[in-house]
Structures are given as structure tokens and as C-alpha cells.
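All of the numbers you see were taken from the coordinates with simple rules; none came from a lab. All of these numbers come straight from a predicted model, not from anything done at the bench. Please note: Cβ atoms are built from the backbone with ideal geometry, for glycine as well, and neighbour counts cover all protein chains shown.
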Amino acid sequence: MIAATAAAVVISVIRPDLIALLALLSYAGGVQLVPASAAALIPRTVWLRAESLTGGLIVGVGVVIGLTAENVNILNINSGVIGLACNLVVVGLAEVVLRTLRPTPDKTRLVVASSSRT
């Protein structure tokens, strides 16, 4: 415990900007979950698929890591917002492709068909 505290003090003296960077990265990574959280909260059958949400999440986090690691500043916009924009583009494109390849079955027709058998 004492060693960890001493290490934290030394790091905060050597690199005082690390705590701010950690806070910004926490926001940038957490905001990538917005599309998946919205999809889970809106009560509809299937309007966003897990594949598209996962792809968007991976791309968004990758953009955040890349921009942060390379210290790229695009118009003073937080890397989390840029990553979220890329995330949403990938989710949208993936949904278009997936719905073209595998249309979602009509739930009402399935319910009617199953209830008529009883």
C-alpha cells in the first residue's frame, strides 16, 4: 500500500497531466456504449443487431485509441466524439448490409402463425 501511494505521488509529480488524460479517456471510451445502450432501452423487437453494434463499438474505441496515442487534435473536438461519429457510421452501414443480406422476420406473422395452430 505504501509503495503504491509512493508510486502515485512520483507519477503525479513527473506527469501531472496523466490524471486529466485518464479522465478524458474514460469519457471517450464510455461514450462508445451510447448506441448499444440506446438500442437496449428502446422497446422494439430488433432495430439494431448485435453484429452492427459490436462493429461500431470496436471501430469507435479503435479511433479513440489511435487519436489519443498519436496525439491528434481535430478542430479541438474530443476524440470520444469523433470515435462516436465513426461508431454511428459503422452501425448504420452494417445495418444496411445486414438487412439486405438477412431481412428481419416479420414478428406479427410469426405470432399469428403460431397462435392459429393451437
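Cβ-Cβ distance of residue 88 and residue 4, R₀ of 35 Å, FRET efficiency by 1/(1 + (r/R0)^6): the value works out to about 0.35.
The slack in the chain from residue 38 to residue 70, taken as 0.36 nm per residue of separation less the alpha-carbon distance, amounts to 8.5 nm. Multiplying the residue separation of residue 18 and residue 100 by 0.36 nm and removing their Cα-Cα distance gives an extension gain of 25.0 nm. Which FRET efficiency value, to the nearest 0.05, do you get for residue 50 and residue 78 by plugging their Cβ-Cβ distance into 1/(1 + (r/R0)^6) with R0 = 22 Å? It comes to 0.25.
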